[in-house]
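Below is one structure, written out as structure tokens; comments come after it.
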Amino acid sequence: MVELRIIGHARTPWRRREDAPHQPTAATDTIGVLEIAPEFRPALADLETFARLWLVFFFHRSRGWAPRVKPPRGGAKRGVFATRAPNRPSQIGLTNVALEGVDRRRGELRVRGIDLLDGTPLLDIKPYLPTIDAWPDAGHGWLEPYLAAGIVPRLRKAYRPPRDGR
């Protein structure tokens, strides 16, 4: 048994899975707010000194999982651990966002480039460190042949909800 604590929730324009972008790079201008629970707000100290953050979250709307899944880019089924599919054995996800502002008193972090559904439970926040977190020489795995053939992965752009949020 593992105990995880929800430290807060993401507030975003994405209410339905089919409307949300597949990756943060498909929603670079999307603004969201991370609402942090009062007992965790002191842990936000010094966070404003970073430009980007890693968010560890819970795929709260995922149900079940399969060992092999069909990627949205097409092609053969792949092992779920070789994809970014949301239906995973432990339902834990990782995304990267740009930090726009921190209000420690209110426990709110304004972020840009968020691809999470509204209400997504947050498990942890970590600073992105470009000298440690970036691996420019890392390969693209099974995507390499597609990229070599000039086939760029199609990341579904997010649905843009009406301004009134409905």
To the nearest 20 debye, what is the magnitude of the charge dipole of the stretch 62-107 about its Cα centre, counting +1 on the Cβ of each Lys and Arg and -1 on the Cβ of each Asp and Glu?
-> 220
Using +1 at the Cβ of each Lys and Arg and -1 at the Cβ of each Asp and Glu in the chain, identify which of A149, W135, V2 lies farthest towards the dipole's positive end.
-> A149
About its Cα centre, what dipole magnitude does the stretch 15-74 give when the only charges are +1 on Lys and Arg Cβ and -1 on Asp and Glu Cβ, stated in debye to the nearest 20?
-> 620
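Share of Cα-Cα pairs in the stretch 8-68 beyond 15 Å, in percent?
Roughly 66 percent, rounded to a whole number.
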Going through the stretch 60-100, which trypsin sites (Lys or Arg not before Pro) have at most 16 other Cβ atoms within 10 Å and a DSSP loop state?
-> R61, R63, R73, K77, R84
Using a 1.4 Å probe and counting only protein heavy atoms, arrange I6, I114 so the residue with the most accessible area comes first.
-> I6, I114
Among (1) 132; (2) 119; (3) 143, the entry matching volume of the Cα convex hull per residue in Å³ as calculated here is (3)
Roughly how big is the chain's charge dipole about its Cα centre, with Cβ charges of +1 (Lys, Arg) and -1 (Asp, Glu), in debye to the nearest 20?
-> 840
Express in % the proportion of alpha carbon pairs of the stretch 25-114 at distances exceeding 19 Å.
-> 52
Farthest toward the dipole's positive end in the stretch 51-139, which of H60, L122, A98, given Cβ charges of +1 (Lys, Arg) and -1 (Asp, Glu) about the Cα centre?
-> H60
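The values are calculated or read from the model by the stated rules, or taken from the named source; none is laboratory data. Worth saying up front: this structure is predicted, and the values here are computed from it rather than measured. Here the Cβ is made from the backbone with ideal geometry for all residues, glycine too, and neighbour counts use every protein chain on show. These accessible areas exclude ligands, DNA and RNA; they are computed on the full protein's heavy atoms, side chains included. Shrake-Rupley method; radii C 1.70, N 1.55, O 1.52, S 1.80 Å.
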